[in-house]
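Below you'll find the structure, written out as structure tokens, and then a few comments.
Each reported figure results from applying straightforward, stated rules to the coordinates on display, with no laboratory input. A quick note: this is a predicted structure, and the numbers were derived from the prediction, not measured. Here Cβ is always computed from backbone atoms with ideal geometry, including for glycine, and neighbour counts include all displayed protein chains.
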Number of protein chains: 2
Amino acid sequence: MNNAVCRLTGCEFPLFAFSHCRDVVVAVSKAGGFGVLGATRFTPEQLEEELAWIDAHIDGAPYGVDVLVPEIVDPRVAEFQDNEQRAAAISEQHRQFTVELLGQYGVDVSPQEVVRYEGRAGITPENGYAQMEVAFRHPIKLIANALGIAPPKMIEEGKKRGVPVAALVGAKEHALRQAAAGVDIIVAQGTEAGGHCGEVSTLVLIPEVVRALKGAGYDIPVLAAGGIMTGAQMAGMMAAGAQGAWTGSVWLATTESETSEAFRDKMVAARSRDTVRSRSRTGKPARQLKTAWHEAWDAPDGPGPLPMPLMGMVSEPAFQRIEKSVVNGNEAARDLVSYFVGQGVGLIDQIRSAKGVVQDFREEFVEAIGELNGMLG
Amino acid sequence: MNNAVCRLTGCEFPLFAFSHCRDVVVAVSKAGGFGVLGATRFTPEQLEEELAWIDAHIDGAPYGVDVLVPEIVDPRVAEFQDNEQRAAAISEQHRQFTVELLGQYGVDVSPQEVVRYEGRAGITPENGYAQMEVAFRHPIKLIANALGIAPPKMIEEGKKRGVPVAALVGAKEHALRQAAAGVDIIVAQGTEAGGHCGEVSTLVLIPEVVRALKGAGYDIPVLAAGGIMTGAQMAGMMAAGAQGAWTGSVWLATTESETSEAFRDKMVAARSRDTVRSRSRTGKPARQLKTAWHEAWDAPDGPGPLPMPLMGMVSEPAFQRIEKSVVNGNEAARDLVSYFVGQGVGLIDQIRSAKGVVQDFREEFVEAIGELNGMLG
């Protein structure tokens with residue numbers, strides 16, 4: 001396709017696939033889209049391994065890496081040096097609350113074991129920078145950042161190496177700040193998106209951001225994110241001013257994805273109204289499939305969410321235990337199975353291959369434009 | 001344009017303009033769109049007058065009427081026979097809260113005067129039916145209903161007179177129920193919309209509803225509502241499966257509209273994040289420009305919203321007093337000025353004529369499709 005995003009990143013069809021699964025990244029890029037590996041949950045050593053695998057399997061197709069360098073660190077955790085100190089700051093009340101909540105669904109864990117962490121994992125600036133350094137050692141064609149302004153280090157390194165820097169934003173003002181910082185691509189992500197998101201819908205945010213950038217004299221392409229599960233929606237957001245689509249949830253329902261069988265079943269059954277934007281998984285507002293976990297943590301009489309990254313030290317091991325409990329035959333635990341997913345989950349009705357999803361997008365995209373042309377007569 | 005919605009309603013360009021202002025309705029229909037008069041705030045006598053005026057000025061162009069027949073009446077108000085009984089049920093606490101809140105902004109009102117109502121006004125089934133009867137006495141080409149399933153009376157009368165019935169929905173399940181009830185057009189309205197709205201974004205809701213209707217064997221066209229302020233967005237939602245756009249907020253920023261100067265200033269200044277979905281104006285969740293009114297009513301230590309229609313008996317006179325106070329020179333009251341408006345308010349940067357808005361939509365629509373075609377090469 002002939003537009004600025006395709007020229008910048010070398011992709012053929014501007015469908016960007018955010019995934020934590022290297023197989024999805026490779027399959028999408030090889031099918032003409034653009035795979036982006038979400039690095040957050042890997043240690044630098046693990047990330048190195050993942051990217052080496054991608055390099056060996058992607059046949060030279062372009063791909064990217066997405067890291068999180070949080071711009072704002074919650075003052076409640078700013079003083080801590082490592083995960084041991086952070087874990088120690090998690091109150092007895094929060095531990096006990098989690099133990100009791102899981103216990104109600106037959107998932108047993110002791111207050112001592114309810115908090116868990118790996119040495120350097122977690123969403124912190126130090127980890128984001130370490131992942132960035134690993135990423136730049138590979139032939140990436142894009143580096144993306146979320147949770148704040150792309151740091152100067154990333155922008156400098158990107159310019160030096162000719163790697164475009166993309167930044168995720170949920171509001172017009174953030175797009176203008178990112179543009180001033182020097183990013184090359186803005187990913188404008190609506191409130192319907194899975195994972196960290198703002199409050200404005202994709203349909204409104206796209207023209208608002210495109211207009212604001214143009215008005216301020218920036219010539220920066222915008223990708224639309226949030227709710228896009230089909231090529232027809234992608235065409236729609238490109239009609240509204242985007243130069244491509246940034247997608248996440250749709251790849252969770254692929255054969256290659258890291259999602260569990262229990263979660264896949266829930267995705268196929270879910271309606272668009274079954275998600276919630278909640279702080280109860282990472283500490284910042286992120287959209288997920290709604291369960292009793294979210295209701296309990298978000299309730300007025302709950303203990304309140306922990307700040308990032310403490311919340312993840314409680315939630316991630318809890319969700320792992322929940323999945324394991326289901327596999328071991330505990331049907332009650334299914335109610336708690338959840339993951340980051342957008343409102344587009346209401347459009348998931350089957351599990352497809354990642355390559356098949358790219359092909360479907362391409363066909364739906366062309367068909368949608370054909371139908372518009374037909375209506376114009 | 002050549003599609004089912006245009007054939008059903010007789011409009012040339014499927015841009016539906018919901019407005020409480022007869023001048024907007026006439027201007028839009030005469031410019032090739034389709035004006036829909038929001039009847040809710042009129043008594044049957046007033047509505048008769050408005051529609052007679054429209055008939056005399058619209059030069060035979062097609063137009064419609066939108067009424068609200070709430071399907072579910074809150075059990076707290078179900079027993080009351082009239083507005084006098086309803087008003088008497090509004091607690092001292094709610095009255096006092098309103099008096100104090102307004103007083104903080106220099107808007108003085110006594111607890112006796114804080115509740116106000118006209119004889120038969122308000123959002124009740126009886127008023128909805130009365131408005132419907134008036135509407136059917138005029139040469140309307142569409143009758144629309146919101147807040148629940150279109151009642152059998154409306155559907156029967158529509159079929160008898162050859163007037164298509166449209167129903168507003170915010171969720172797939174509601175669309176299926178409306179289809180089963182026999183409506184002719186579904187208006188799928190996303191959470192970003194002004195006024196009463198659900199939780200799912202327009203971009204997700206459109207394909208979800210279109211797919212659900214088709215899957216259940218219904219051949220019913222869908223209009224996209226929520227966030228649409230430009231012809232490019234309209235083209236986008238038609239790419240995603242809609243057959244036209246249903247719009248509201250964009251007409252508030254026209255020279256013909258009923259909005260005050262103070263509110264127009266706020267619309268031009270507002271960002272998309274400046275709205276809130278709150279029960280504090282009508283009693284049901286409705287999106288509005290966010291002010292201290294909404295923060296106070298929605299606060300955990302507030303008195304809680306009143307049920308429909310009691311909430312409106314408190315809020316509508318309050319907002320009228322606020323506007324009046326601003327006109328009389330009370331600058332502090334500007335902070336409270338609010339009205340129903342969607343997230344698209346972030347895209348309002350000037351006041352245009354209603355005819356000009358239709359022309360802009362038509363040009364943007366054609367241009368957006370041209371750009372998509374250009375990208376396809």
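Whose amide H sits under 5 Å from the amide H of A:Leu223, counting only residues 5 or more places off or on another chain, with H placed in the peptide plane?
Amide H neighbours of A:Leu223: A:Ile186, A:Val187, A:Ala188, A:Gln243.
So, with +1 on the Cβ of K and R and -1 on the Cβ of D and E, and no other charges, what is the size of the charge dipole of the protein assembly as shown about its Cα centre, to the nearest 20 debye? Don't jump to the answer; show the numbers that get you there.
Details: 70 positive and 94 negative charges, 146 e Å.
In total the dipole reaches around 700 debye.
Count the net charge of all other residues whose Cβ sits under 11 Å from the Cβ of A:Asp360, scoring Lys and Arg as +1 and Asp and Glu as -1.
Details: positive: A:Arg352, A:Lys355, A:Arg362; negative: A:Glu363, A:Glu364, A:Glu367.
Value of the local net charge: 0.
Quick one: if you take sqrt(5λ) for each eigenvalue of the C-alpha gyration tensor of the range A:263-377, what semi-axes come out, biggest first, whole angstrom? Let's see the in-between values first.
Working: eigenvalues 242, 64, 31 Å².
They are 35, 18, 12 Å, listed largest first.
Grab the DSSP H runs of chain A that are 4 residues or longer, score each as -39,500 (n - 2.57), total them, divide by all residues and round the 222 nm result to the nearest 500 deg cm²/dmol.
Working: 15 runs with 164 residues, N = 377.
After summing the helix terms and dividing by the residues of chain A, the value is -13000 deg cm²/dmol.
Could you pull the Cα extents of the range A:93-137 along its three principal axes, largest to smallest, in whole Å?
On the principal axes, the range A:93-137 reaches 46, 19, 13 Å in Cα extent.
In nm, one decimal, shortest first: how far is the label point of B:Asp219 (7 Å from Cα along Cα to beta carbon) from the matching points in the other copies?
Here B:Asp219 shows inter-copy label distances of 5.0 nm.
Excluding residues fewer than 8 places away in the same chain, name every one of the lysines whose C-alpha is closer than 17 Å to that of B:Lys324.
Result set, ordered by chain and number: B:Lys266.
Taking B:Glu100 in one copy and the same position in all the others, each labelled 7 Å out along Cα→Cβ, what are the pairwise distances from the first, in nm, shortest first?
List, nearest first: 3.2 nm.
Placing a label point 7 Å from Cα toward Cβ, how far apart in nm is A:Glu371 from its equivalents in the other copies, listed shortest first to one decimal?
Listed shortest first, these distances are 2.1 nm.
Short version: ³J(HN,Hα) in whole Hz for each residue of the range A:165-171, in order, from phi by Karplus 6.51 cos²θ - 1.76 cosθ + 1.60 (θ = phi - 60°), x for Gly and Pro, what are they?
Karplus-based 3J(HN,Hα) across the range A:165-171 equals 9, 10, 10, 8, 9, x, 8 Hz.
By average Cβ neighbour count within 10 Å, what is the ranking of B:65-75, B:230-240 from highest down? Present the calculation step by step, with values, prior to reporting the outcome.
Values: B:65-75: 19.3, B:230-240: 29.5.
Result, highest mean Cβ count within 10 Å first: B:230-240, B:65-75.
Please turn the phi angles of the range B:250-257 into ³J(HN,Hα) values with the Karplus equation 6.51 cos²θ - 1.76 cosθ + 1.60 (θ = phi - 60°), one per residue in order, whole Hz, x for glycine and proline.
4, 7, 5, 9, 10, 4, 6, 5
Over the Cα atoms of the range B:164-289, what is the Rg over Rh ratio if Rh follows Kirkwood? Kindly include the intermediate steps, with their values, before the conclusion.
Numbers: Rg = 15.2 Å, Rh = 15.2 Å.
Rg/Rh: 1.00.
When the dipole is taken about the Cα centre of chain B, and only Lys, Arg (+1) and Asp, Glu (-1) are charged at their Cβ, what size is it in debye, to the nearest 20?
Working: 35 positive and 47 negative charges, 151 e Å.
Charge dipole of chain B: 720 debye, to the nearest 20.
Can you report the principal axis dimensions of the range A:251-327 using only the alpha carbons, biggest first, rounded to whole angstrom?
37, 26, 21
Under 10 °C and 1.306 mPa s, how fast does chain A diffuse according to Stokes-Einstein, given a Kirkwood radius computed over C-alpha pairs? Answer in µm²/s, whole number.
Details: Rh = 21.1 Å.
For the chosen part, D equals 75 µm²/s.
Under 18 Å from a point 7 Å along the Cα-to-Cβ line of A:Glu79: which residues of the range A:271-289 have their amide N that close?
Correct set: none at all.
Relative to the longest principal axis of chain A, what angle (0 to 90°, nearest 10) does the C-alpha long axis of helix A:172-181 take?
The helix A:172-181 is inclined about 80 degrees to chain A.
Percent of Cα-Cα pairs per 5 Å bin, from 0 to the last occupied bin, for the range A:141-230, please list those.
Cα pair-distance distribution for the range A:141-230, in percent: 3, 16, 28, 24, 18, 9, 3, 0.
Which residue, chosen from B:Val337, A:Ala253, A:Ile322, occupies the Cα position most advanced towards the positive end of the dipole of the protein assembly as shown, where the dipole is computed from +1 (Lys, Arg) and -1 (Asp, Glu) charges on Cβ about the Cα centre?
A:Ala253
Taking the beta-carbon count within 10 Å as an exposure proxy, list A:Tyr339, A:Tyr129 from fewest neighbours to most.
On the way: A:Tyr339 22, A:Tyr129 16.
Fewest to most other Cβ atoms nearby, the residues stand as A:Tyr129, A:Tyr339.
Would you mind working out the magnitude of the charge dipole of the range B:184-324 relative to its Cα centre, with +1 at each Lys and Arg C-beta and -1 at each Asp and Glu C-beta, to the nearest 20 Debye? Could the numbers behind the result be given before it?
Values: 14 positive and 15 negative charges, 36 e Å.
Approximately 180 debye in magnitude.
Rg/Rh for the range B:67-125 to two decimals, with Rh computed the Kirkwood way over all alpha-carbon pairs.
On the way: Rg = 13.6 Å, Rh = 13.1 Å.
Value, to two decimals: 1.04.
Within 10 Å of each Cβ in peptide B:194-202, how many partner chain Cβ atoms are there on average? Round it to a whole number, please. Spell out each step's value before the answer.
Numbers: counts 0, 0, 0, 0, 2, 8, 10, 15, 8.
If you average over the peptide's residues, the count of other-chain Cβ atoms is 5.
For the range A:85-221, how big is Rg over Rh, using alpha carbon atoms and the Kirkwood form of Rh? Present the calculation step by step, with values, prior to reporting the outcome.
Numbers: Rg = 19.6 Å, Rh = 17.7 Å.
That ratio equals 1.11.
Mind checking the alpha-carbon convex hull of the protein assembly as shown and giving the volume per residue in Å³? Walk me through the numbers before you get to the answer.
On the way: hull volume 121.4 nm³, N = 754.
Dividing the Cα hull volume of the protein assembly as shown by its residue count gives 161 Å³.
Toward the positive end of the charge dipole of the protein assembly as shown, about the Cα centre and with charges on Cβ (Lys, Arg +1; Asp, Glu -1), which of A:Val200, A:Ala188, A:Pro75 goes farthest?
Sorting the options by dipole projection puts first A:Ala188.
Relative contact order (percent) for chain B, with alpha-carbon contacts under 8 angstrom and 6 or more residues of separation? Could you put the intermediate results ahead of the total?
On the way: 776 pairs, mean separation 68.9, N = 377.
That works out to 18 percent.
Can you tell me the orientation of helix B:125-136 relative to chain B, as the angle in degrees between its alpha-carbon axis and the longest Cα principal axis, to the nearest 10?
40
At 7 Å along the Cα-to-beta-carbon direction for both B:Ala87 and B:Leu376, put a label point, then send me their distance in nm to one decimal.
The modelled label-to-label distance comes out at 6.0 nm.
Identify all lysines with a Cα-Cα distance to A:Lys355 below 16 Å; exclude those on the same chain that are fewer than 8 residues away in sequence.
Straight-line reach from A:Lys355, under 16 Å: A:Lys30.
Mind checking the mean number of beta-carbon atoms from other chains within 10 Å of the Cβ atoms in A:363-372? Could you put the intermediate results ahead of the total?
Numbers: counts 0, 3, 4, 1, 1, 6, 7, 2, 4, 9.
Across the residues of A:363-372, the mean count of other-chain Cβ atoms within 10 Å is 4.
What ranking of A:His20, B:His138 emerges when the number of other C-beta atoms within 10 Å of each C-beta is taken as an exposure proxy, fewest first?
Numbers: A:His20 21, B:His138 17.
Starting with the residue having the fewest Cβ neighbours, the order is B:His138, A:His20.
Can you give the Rg and Dmax of the range A:58-156 based on its C-alpha atoms, in angstrom?
In order Rg, Dmax, the Cα atoms of the range A:58-156 give 18.0, 51 Å.
Need one value for B:223-233: mean number of C-beta atoms belonging to other chains within 10 Å of its residues' C-beta atoms. Working shown, then result.
Numbers: counts 0, 2, 0, 3, 11, 4, 4, 5, 1, 8, 9.
Other-chain Cβ atoms within 10 Å of each residue's Cβ, averaged: 4.
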